[in-house]
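All remarks here apply to the structure that follows.
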Amino acid sequence: METLVQLTEGAVSPPLFRRLLRRLGVLGRERLKDTYQTTFWYDFGPPTNVVEDVISSLRPQVAGKRRIAGVEWWLSRMYPTDVRVDFHQDRDEKLALRTGKLVHPRISSVLFLNRVRGGALVVTREKPDEANPSLAPSRMDTADLVTPRPNRLVLFDGTLTHGVLDAENQIPEGKLPGRSRLRRTLVMNWWGHRPTDVPRWSETRLYRALGG
């Protein structure tokens, strides 16, 4: 069967990974409800925060000789008992909303930061289906599933559909009873050009704890 993802264990050096976790601990729950709407652009200049240090360290193995202009990044933080992201394809979000035009990153990537119950990442060539819960594709037997593990990096083509399973590793159909650990990842989309209206972290007052 075709493999859609590329996995790297221990992708970030242990000292840098520990620093990232410490900075996220200081960040706490800042903008937790808006975690998916809080995105930043990094064009490989001098790093100004720990995430940009991480991206710089990953650039040789991820970008290689591809023409990559920079990385759009955000923190994905959710409870697997209350998954709030549907199956989707990464895109230039503001361009799509304004014009309907679909432009995708060259590479999508996720760095897992911790273990949780369930919460597997699903990657598939099938399209999201509006008839299904969480817009899940109707066919799932050809999908790749990736279990969250600390410092595990997953790469896949930026045009592919992906989503997150719930705490039981099932397609989310609503909030599950009880609580689970917060599923934390760093999402990085590697672009051939800067997506529309995505600010640099240094241009905002957000997530200042990451600069320590």
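The values are calculated or read from the model by the stated rules, or taken from the named source; none is laboratory data. This one's a predicted model, so the numbers in the text were calculated from it and none came from an experiment. Ideal geometry is used to build each Cβ from the backbone, glycine not excepted, and the neighbour counts take in all protein chains shown. These area figures cover heavy atoms from the full protein model, side chains too; ligands, DNA and RNA do not enter into them. Shrake-Rupley method; radii C 1.70, N 1.55, O 1.52, S 1.80 Å.
All told, Pro195 meets the bar of being closer than 18 Å to Gly45 by Cβ, open to solvent by less than 20 Å² (accessible area, probe 1.4 Å), modelled with pLDDT of 95 or more and not in a strand (DSSP E or B).
Taking region 198-212 as the range and being part of a loop (DSSP other than H, G, I, E, B) and surrounded by 13 or more Cβ atoms within 10 Å (Cβ to Cβ) as the test, the residues that pass are Val198, Leu206, Tyr207. Each residue in region 2-41 was checked for being on the phi < 0 side of the Ramachandran plot and open to solvent by 40 Å² or more (accessible area, probe 1.4 Å), and 21 of them qualify. Checking Leu145, Leu135 one by one, the residue that is at pLDDT 95 or above, more than 14 Å from the chain's Cα centre (by Cα), surrounded by fewer than 18 Cβ atoms within 10 Å (Cβ to Cβ) and over 30 Å from Arg22 (Cα atoms) is Leu135 and no other. Candidates in region 115-132 are the residues that are outside any loop (DSSP other than H, G, I, E, B) and within 14 Å of the chain's Cα centre (by Cα); of these, the one that is nearest to Val54 (Cα to Cα) is Leu121.
Selection of region 1-37 for residues being under 25 Å from Arg194 (Cβ atoms), of a type in the set (Val, Ile, Thr) and touching a strand residue (DSSP E or B) at 6+ places or on another chain (Cβ under 6 Å) yields only Thr35. Would it be correct to say that Thr185 is of a type in the set (Val, Ile, Thr), within 25 Å of Arg91 (Cβ to Cβ) and part of a loop (DSSP other than H, G, I, E, B)? Considered against the rule, which asks whether it is of a type in the set (Val, Ile, Thr), within 25 Å of Arg91 (Cβ to Cβ) and part of a loop (DSSP other than H, G, I, E, B), Thr185 comes out as no. Residues in region 53-77 that are open to solvent by 10 Å² or more (accessible area, probe 1.4 Å) and outside any loop (DSSP other than H, G, I, E, B): Asp53, Ser56, Ser57, Arg59, Pro60, Gln61, Glu72, Trp74, Arg77.
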